[in-house]
Amino acid sequence: MIAVATFSIAEPITLDSSEKANYLNQLKQQHATSNERTALLAELNNLLTRHALRAGYQLGHSNPQDFLYSVSVAQQGDLIIREEIRSSQNNAMEVRSNRINVFGADPFVSYACPAQGIRCVIFGEDKKTAILTIVRDQQAAKNLARAFSYLIRNIQRG
């Protein structure tokens, strides 16, 4: 018997200017800021915290781990994705940072949520390299991809 994983890839988000403005205004209100970039970063980090892939979701895995992420903007044009992996068995912790230069990058972020599995993956510009992992939640992955896309465009504008 062969198992086949089904992936759901986000289509590029095409919103008219009023939809985009409404979305960004909603985020600015929700996160009590007048700055789009600050609102987008707050939304991303909120989603990443709420939908983190935790060891408790990994029943039956030999080494369940917490996968925790945060996003920040470093220098002009650079996104920093901080990944923290905590092993529940030996309390070991591994921390990595991934610096992504967004100038010239495709702002449309894609994701996949295999039908059989416990995680969704957000992909980098090449649409193959996973830049972060969350618990399997199609809507959360879609919301993350949307916020990432807007943040990349915001940074690209300067």
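The values are calculated or read from the model by the stated rules, or taken from the named source; none is laboratory data. Note that this is a predicted model, so its numbers are computed, not measured. Cβ placement follows ideal geometry from the backbone for every residue including glycine, while neighbour counts extend to all protein chains displayed. Surface areas here come from the heavy atoms of the whole protein model, side chains and all, with no ligands, DNA or RNA. Shrake-Rupley method; radii C 1.70, N 1.55, O 1.52, S 1.80 Å.
Scanning for something assigned to a loop (DSSP other than H, G, I, E, B), modelled with pLDDT under 85, under 27 Å from residue 118 (Cβ atoms) and of a type in the set (A, V, I, L, M), does segment 11-20 turn up at least one residue? Yes, that holds for at least one residue. Restricting 116, 156 to residues that are at pLDDT below 90 and not in a strand (DSSP E or B) narrows the list to 116. Between 124, 104, the distinction of being at pLDDT below 90 and open to solvent by less than 70 Å² (accessible area, probe 1.4 Å) belongs to 124 only.
Confirm whether residue 34 is in contact with a Lys or Arg (Cβ under 9 Å, 6 or more places away or on another chain), among the hydroxyl-bearing types (Ser, Thr, Tyr), part of a loop (DSSP other than H, G, I, E, B) and over 19 Å from residue 132 (Cβ atoms). Don't jump to the end; show me each part of the working.
On the way: in contact with a Lys or Arg (Cβ under 9 Å, 6 or more places away or on another chain): yes; among the hydroxyl-bearing types (Ser, Thr, Tyr): yes; part of a loop (DSSP other than H, G, I, E, B): yes; over 19 Å from residue 132 (Cβ atoms): yes.
Yes; evaluated as a whole, the condition is true for this residue.
The residues of segment 28-43 that are in contact (Cβ under 8 Å) with a residue 60 or more places away in the chain and buried (at least 17 other Cβ atoms within 10 Å of the Cβ), listed by number, are 36, 40, 41, 43.
Considering only residues in segment 55-100 that are surrounded by 15 or more Cβ atoms within 10 Å (Cβ to Cβ) and part of a loop (DSSP other than H, G, I, E, B), the one that is farthest from the chain's Cα centre (by Cα) turns out to be 88. Residue-level check: of (1) more than 17 Å from residue 153 (Cβ to Cβ); (2) in contact with a helix residue (DSSP H, G or I) (Cβ under 6 Å, 6 or more places away or on another chain); (3) buried (at least 18 other Cβ atoms within 10 Å of the Cβ); (4) not charged (D, E, K, R), residue 112 misses just (2).
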